[in-house]
Amino acid sequence: MSNDTIALNQQNTPLDHLDDVWLFGYGSLLYKVDFPYLECRPASIRGWARRFWQGSHDHRGTPEAPGRVVTLIEAPNAVCHGLAYRVTPDTFAHLDVREKNGYLRFFTPMTFSDGQQTEGLVYVASDTNAAFLGPASLTEMARQIALSHGPSGANAEYLLKLDDALADLGASDAHVAELAIQVRQLLE
């Protein structure tokens, strides 16, 4: 699969027949909201865990030295907390470009913090995409994140802003928090 998933997303998950769509954000969508939305609510999805296993060749790294950004991996008992944005379908023209480096979008059950449920669209980069880096030791990932830079800035900034956004949500993530501790130590 090519890293560029724009056409695949538009072909496989057409949205033009909908008036609005709930989008589930679990990574940079928690702190970099560069799109219009109609509503924003805390939400979670079950069966998925956030991991820094996706390579970033276009935002937080380069093709020669990719950074690491989050994706979701299937984890039967996990709950991934984030934010749900109600957006119009035309918003995905921008989001598909932003998430083009291996992320595919699909609908999944989502639960709001008040217990209400609906279907939400989520972007996930699986191990079948060319930019997927997969697991590594926390030490190895922290070193890569501390050293990587790309057109959107330092990879460490991405991690630390995500860690802060999760803390603000009251939804700490052990994987993110442990990496943030190690990266902060490396940057001192």
(message) Condition (residue is closer than 18 Å to Gly61 by Cα, of a type outside the set (D, E, K, R), in contact with a Leu (Cβ under 9 Å, 6 or more places away or on another chain) and surrounded by 13 or more Cβ atoms within 10 Å (Cβ to Cβ)) applied to the stretch 119-132: is it met by at least one residue?
(response) yes
(request) Name every residue in the stretch 125-157 that is of a type in the set (Val, Ile, Thr) and touching a Lys or Arg at 6+ places or on another chain (Cβ under 8 Å), in order of residue number. (result) Ile145
(request) Identify the residue in the stretch 34-58 that is part of a loop (DSSP other than H, G, I, E, B) and open to solvent by less than 60 Å² (accessible area, probe 1.4 Å) and, among all such residues, is modelled with the highest pLDDT. (result) Phe35
(message) Given the criteria touching a Gly at 6+ places or on another chain (Cβ under 8 Å), without any contact (Cβ under 8 Å) to a residue 40 or more places away in the chain and open to solvent by 50 Å² or more (accessible area, probe 1.4 Å), does Glu74 qualify?
(response) yes
(request) Take the residues in the stretch 77-98 that are closer than 18 Å to Leu159 by Cβ and touching a helix residue (DSSP H, G or I) at 6+ places or on another chain (Cβ under 8 Å), then tell me which one is surrounded by the most Cβ atoms within 10 Å (Cβ to Cβ). (result) Gly82
(message) Looking at the stretch 11-26, I want the residues that are over 30 Å from Leu160 (Cβ atoms) and have a partner that is of a type in the set (A, V, I, L, M) with Cβ atoms under 6 Å, at least 6 apart or on another chain. Which pairs are those?
(response) Leu15/Val21
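The values are calculated or read from the model by the stated rules, or taken from the named source; none is laboratory data. None of these values were measured; they are calculated from a predicted model. Every residue, glycine among them, receives a Cβ derived from its backbone with ideal geometry; neighbour counts consider all protein chains shown. Surface accessibility is based on the protein's heavy atoms, side chains included, excluding ligands, DNA and RNA. Shrake-Rupley method; radii C 1.70, N 1.55, O 1.52, S 1.80 Å.
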